[in-house]
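Okay, structure first, notes after.
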Amino acid sequence: MWLRCTIIFRRVGILSFRRAFHAAAPKMAKSRFEYVKSFETEDRLDPKHWIVISLKHSHYDKLADTYDLEKPNDRRLIQLLEASTKLVMSDFKELVLAYGFGAEFSLVFAKNTTLYRRRAPKLLTNLCSLMASSFVQLWPLHFKECSLIDPPVFEGTVHLFPDDQSLRDYMTQRQLVCHHRNLNNTVFWSLVRDCRVSVDEAQDIVKGAKSEGDKNEILFSKCNKNYNKEEDVFKKGTIIVRTSTQASVRTPDGSVTQRNQSCLSNLCFDFVKDQFWSEIFVLDQPTKVNPKTNYLKDFEKKVKLLPHSWIVVRIDGKGFHKFSEKHSFTKPNDIRSIELMNRAAKRVMEEFPDIILSYGQSDEYTFVIDRYSRMLDRCSNRAMSSIVSLFGSTYVHNWVEVFENTPLQYSPAFDARAVLYPNNSCLRDYLSWRQADCHINNMYNTCFWVLVQEGNRSRQEAEEKLRGTFSKDKRAILKEFSREYDEEDALYRKGTVMYRDKLQSDETEDTKASANESCKGPGNIAVEHVDMIGDAFWEQRPWILGNERSVRTLEDIDY
Ligand code: GTP
Ligand code: MG
């Protein structure tokens, strides 16, 4: 966290603020909670390998039903996914190629990228959340007649390909899947819609047609359709390539100079043919058509999270310093931003009943998944991408309602990491660490902005005044402005804790859940701004952490 702050402050050019902030840091560095950071892993991807991130809309069937999507292909959805992908590629210039069909898109990073030092979770989750938030932001442009009801979840996978041949094979395989799926769907829906064949019968006919020729023949003879004449985008999917062009740019002194500018182009090509790889997306190594693509599944980077450990997924806004300035967030805390974060977190908890508690402050949110959960097969990438995408999409979905007259200028991205904590005390220390961080930042920021806004100090003067101060000094400064720190809103001092509550309003103390009882389920999410560092919170709510289960046989783990 301290390192991250350092980078941000340097970038935004308020180095002095950073120094003052760091003056209080050594005290915090000695905190007994700080050690929990050592449970975090880096997960860097090998250098000189192609990194491909595949993103897939998780509830395509529901989407198709809710918005009555055209079958077998809905042009609006194809264009929306393409536009969202282009927004992602505009933000992440190191993405050089993308391919999509149906509800999925695969995005390829430049082979030598060092973005985020090739940390897989950071690459995956930034892309995934931006895809989801862009999808929501762009929805009204493509679905003019119906508003979006449910913000989407995108699940992401990471593939690491060691050479050019395996990249080509992967892209070719995806395009073949597109082709086969589209041919099947075209036959099925043509039979049902044009030939009035029943759904069951159409399914049998498609299943019975073994070869491509058979399917083409059925389409031709029964529905009078020539598959070759179907639209290319349906048959071959969407390819987006980053190309570089020379553009004339006027410099500040008025002269004109040539600069390299990248642009995104849509192409229609067959990945199986050499031409794309030798003329459009030129590869360094020689490649050839390879019918055997089974080996590709071994290149997916899958991380299974250890059974019986607490899973913590923490998300954090990307560049929220800039985002908050661009959208004129009030300082030090903007209640609208907190409200948006809380709404997004609540939606995530509703979607994933195994999240037992969440905690939010500033631009970050922590989600704690039940240690015995089998949610998304305890697959790290699936958990991180699903949570971060739903969070990002809900954030944008609620923007207009919360920010009213402040238009959203661009879709925000969030990153996520998944960390395992082996026991209750480590998990509690993790949560204490985040809440202590909230306390330190909020106390500093409250003092800083009181000095600037009420004390008419410049930012530099405020920072100098706070340099080297301890908690009691800051409380004293606030008192000079007739403010008691402890009387500041608990929402800002403590952050927001959400957990599954067992108590109904008509229940008595006797019916309070014990540690034995699980409170999994979508209902009863309590939202509080309370202390989690002391024991009281946990003693009064024993069901949150529950009892530890012993393991005697493999079935107990069931993993
Ligand atoms: P990365 O996370 O590294 O991408 O950088 P970041 O700019 O998001 O910074 P970081 O996550 O460390 O800190 C969050 C930043 O968001 C704060 O430093 C603030 O600038 C901004 N922020 C978050 N909440 C509020 C708010 O309520 N009001 C204002 N004014 N700013 C906020
Ligand atoms: Mg951030």
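The values are calculated or read from the model by the stated rules, or taken from the named source; none is laboratory data. As the structure is a computational prediction, the values presented were derived from the model and not from experiment. Every residue, glycine as well, gets a Cβ built from its backbone with ideal geometry; the counts of neighbours run over all protein chains shown. Accessible surface is based on the protein model in full, side chains and every heavy atom, while ligands, DNA and RNA are left aside. Shrake-Rupley method; radii C 1.70, N 1.55, O 1.52, S 1.80 Å.
What does the net charge come to around THR157 if you take all other residues with beta carbon closer than 9 Å to its beta carbon, with K and R at +1 and D and E at -1? List each step's numbers first, then the result.
Working: positive: LYS56, LYS301, LYS302, ARG382; negative: GLU155, GLU300.
Once positives and negatives cancel, what remains is +2.
What lysines could a cross-link reach from LYS297, if we take a straight Cα to Cα line under 17 Å and drop same-chain neighbours fewer than 8 places away?
Partners found: LYS56.
Can you classify the range 288-358 as rounded, prolate or oblate using the Cα gyration tensor, where a ≥ b ≥ c are the square roots of its eigenvalues, rounded means a/c under 1.5, and otherwise it's prolate if a/b beats b/c and oblate if not? Don't skip to the end; give the middle numbers.
Numbers: a/c = 3.41, a/b = 1.75, b/c = 1.95.
Here the range 288-358 falls in the oblate category.
Amide H neighbours of ALA413 under 5 Å, counting only residues 5+ apart in sequence or on other chains, H built in-plane at 1.01 Å?
LYS318
So how far apart, in nm, are the two label points at GLN285 and LYS222 if each is 7 Å from Cα heading toward Cβ?
4.4
By how many nm would the segment from LYS71 to GLU300 lengthen if fully extended, with 0.36 nm per residue of separation less the alpha-carbon distance?
On the way: separation 229, 0.36 × 229 = 82.44 nm, distance 3.08 nm.
Gain on extension, LYS71 to GLU300, equals 79.4 nm.
With unit charges on the beta carbon (Lys/Arg positive, Asp/Glu negative), name the residue among ALA247, SER190, THR257 whose Cα is farthest towards the positive pole of the charge dipole of the range 181-265.
It is THR257, whose Cα lies furthest towards the positive end.
Give the lysines reachable from LYS292 as a straight Cα distance under 19 Å; neighbours fewer than 8 places away on the same chain don't count.
Straight-line reach from LYS292, under 19 Å: LYS273.
What lysines sit close enough to LYS144 to cross-link, taking a C-alpha to C-alpha distance under 22 Å and skipping anything fewer than 8 places away on the same chain?
LYS62, LYS71, LYS86
Cβ neighbours within 10 Å, averaged per peptide: list 281-290, 68-77 in order, most packed at the top. Display every interim value, and only then the final one.
Numbers: 281-290: 12.6, 68-77: 15.9.
In decreasing order of mean packing, 281-290, 68-77 become 68-77, 281-290.
Rounded, prolate or oblate: pick one for the range 83-182, where a ≥ b ≥ c are the square roots of the eigenvalues of its C-alpha gyration tensor, a/c under 1.5 means rounded, and failing that, prolate if a/b is larger than b/c, else oblate.
Oblate, since a/c reaches 1.5 and b/c is not below a/b.
Divide by every residue of the chain the summed helix terms, -39500 (n - 2.57) for each DSSP H run of at least 4, and state the resulting mean residue ellipticity at 222 nm, rounded to the nearest 500 deg cm²/dmol.
Working: 19 runs with 235 residues, N = 559.
Rounded to the nearest 500, the figure is -13000 deg cm²/dmol.
With a 1.4 Å probe and every protein chain left in place, work out the accessible area per residue of the range 256-408 in Å², rounded to a whole number. Spell out each step's value before the answer.
Numbers: 7000 Å² over 153 residues.
Result: 46 Å² of accessible area for each residue.
Taking a ≥ b ≥ c as the square roots of the eigenvalues of the Cα gyration tensor of the chain, is the shape rounded (a/c under 1.5), prolate (a/b larger than b/c) or oblate? Please list the in-between numbers first.
Numbers: a/c = 2.02, a/b = 1.49, b/c = 1.36.
Because a/c hits 1.5 or more and a/b exceeds b/c, the chain counts as prolate.
Given a Förster radius of 41 Å and the C-beta distance between LYS472 and ALA526 as r, what FRET efficiency does 1/(1 + (r/R0)^6) yield to the nearest 0.05? Display every interim value, and only then the final one.
Working: r = 33 Å, r/R0 = 0.80.
Calculated transfer efficiency: 0.80.
Using 19 Å as the Cα-Cα cut-off, could you pick out the over-long pairs in LYS207/LYS236; LYS93/LYS318; LYS122/LYS318; LYS322/LYS465?
The pairs that break the limit, which is 19 Å between Cα atoms, are LYS207/LYS236; LYS322/LYS465.
Whole-Hz Karplus ³J(HN,Hα) for the range 101-115, in order, using 6.51 cos²θ - 1.76 cosθ + 1.60 and θ = phi - 60°, x for Gly and Pro?
Residue by residue, the range 101-115 yields 7, x, 10, 10, 9, 10, 10, 10, 7, 3, 4, 9, 4, 10, 3 Hz.
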